[in-house]
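**Student:** Dropping the structure in here first, questions after.
The values are calculated or read from the model by the stated rules, or taken from the named source; none is laboratory data. Please read all numbers here as calculations on a predicted model, not as lab measurements. In this analysis, Cβ positions are derived from the backbone assuming ideal geometry, glycine residues included, and neighbour counts consider all displayed protein chains. To get the accessible areas, we keep the full protein, side chains included, count just its heavy atoms, and leave off ligands, DNA and RNA. Shrake-Rupley method; radii C 1.70, N 1.55, O 1.52, S 1.80 Å.
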Amino acid sequence: MAKRELPSLPLKVSLDEAKERVDEELVTNKWGEVEIPPPEIELVPYYVFHFDAYTEEQEEKSSIRNVQENRQGVSSLNAVSNVLDEVMAELALPELVRNEFEEPKNIQVNVKDSRFSVEEAKVAAQIKIAAQEKVPRDNVHISGMRLVYCPFLVFSVVLDEEAENKIVLRVNG
């Protein structure tokens, strides 16, 4: 196996398990029996981070503001689609992240590029968490942001002879 140096989660799903899941999806959706081609692997970047979000209450007859409620958490931001993903944050625990990705033999591996920098990701995460927690943007603090790649097995399945009847199924690796 070749190794690619980048912070990533290991591939935990075997090719056989992934093909089984794809086959189940084809049966569930009544897409008929079709040949399942070998997959490609996509390494998708996510910014994983911690956040603190709080609400404030102003004291009567004073300019003093006190923290009323505080919520802490972990989340992640897909660095391609700019969408929050709490599940990925739970999967990307520091002890599970490797410094290199082991590429399986005979499988094409494509690394997606992040669409924005870590600074831009912090701003986007702050805005999105503020909206999620229903607090002002200034009441959200983002910390510990790191880039982690998640492997997805990508199957391009042709449902019939016409090339326009192709679906893409992604299995989180």
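**Student:** ³J(HN,Hα) across segment 143-148 via Karplus (A = 6.51, B = -1.76, C = 1.60, θ = phi - 60°), whole Hz, x for Gly/Pro?
**Tutor:** 9, x, 6, 9, 8, 9
**Student:** Also, I was wondering about something else. When the accessible area of the chain is computed with all protein chains present and a 1.4 Å probe, what percentage of it is carbon and sulfur?
**Tutor:** 46
**Student:** Same structure again: Taking the Cα atoms only, what angle lies between the long axis of helix 15-28 and the longest principal axis of the chain, rounded to 10 degrees?
**Tutor:** Computed tilt is about 90 degrees.
**Student:** So I have (i) 15.7; (ii) 13.7; (iii) 13.1, and one of them is mean projected area of the Cα convex hull in nm² calculated from this model. Which one is it?
**Tutor:** For mean projected area of the Cα convex hull in nm², the calculated option is (iii).
**Student:** Further question on the same structure: Compute the length gained on full extension between L159 and W31: take 0.36 nm times their separation in residues and subtract their Cα-Cα distance, giving the result in nm to one decimal. Walk me through the numbers on the way to the answer.
**Tutor:** On the way: separation 128, 0.36 × 128 = 46.08 nm, distance 0.69 nm.
Value of the extension gain: 45.4 nm.
**Student:** In the Gaussian network model of the chain, springs joining C-alpha atoms below 10 Å, which of I107, I129, I142 carries the largest mean-square fluctuation?
**Tutor:** Sorting by GNM fluctuation, first place goes to I107.
**Student:** How long is the gain from R146 to K166 if the chain were fully straight, where each residue apart is worth 0.36 nm and the alpha carbon distance is subtracted?
**Tutor:** On the way: separation 20, 0.36 × 20 = 7.20 nm, distance 3.52 nm.
3.7 nm is the gain from fully extending R146 to K166.
**Student:** Sort E42, E56 by accessible area with a 1.4 Å probe, largest first.
**Tutor:** On the way: E42 35, E56 65 Å².
Accessible-area ranking of E42, E56, largest first: E56, E42.
**Student:** How many nm separate the modelled label positions at T55 and E5, each set 7 Å beyond the Cα in the direction of the Cβ?
**Tutor:** Once both label points are built, they end up 4.9 nm from each other.
**Student:** Here's something else I'd like to know. Note down the net charge around G73, summing +1 for each Lys or Arg and -1 for each Asp or Glu among other residues with Cβ under 15 Å from its Cβ.
**Tutor:** On the way: positive: R71, K128, K134; negative: D52, E69, D85, E86, E90, E133.
Local charge sum for G73: -3.
**Student:** For the full complex of protein chains and a 1.4 angstrom probe, list S114, S8 by accessible area with the highest value first. Walk me through the numbers on the way to the answer.
**Tutor:** On the way: S114 40, S8 0 Å².
Largest accessible area first, the residues go S114, S8.
**Student:** Separate question: Mind pulling up the Rg/Rh value for segment 1-51? Radius of gyration and Kirkwood radius, both on Cα. Don't skip to the end; give the middle numbers.
**Tutor:** Working: Rg = 15.4 Å, Rh = 14.0 Å.
Rounded to two decimals, Rg over Rh is 1.10.
**Student:** While we're here: Roughly speaking, what is the stretch gain from E95 to I107, that is 0.36 nm per residue apart minus the C-alpha to C-alpha distance, in nm to one decimal? Show your work: numbers first, answer last.
**Tutor:** On the way: separation 12, 0.36 × 12 = 4.32 nm, distance 2.62 nm.
Full-extension gain reported as 1.7 nm.
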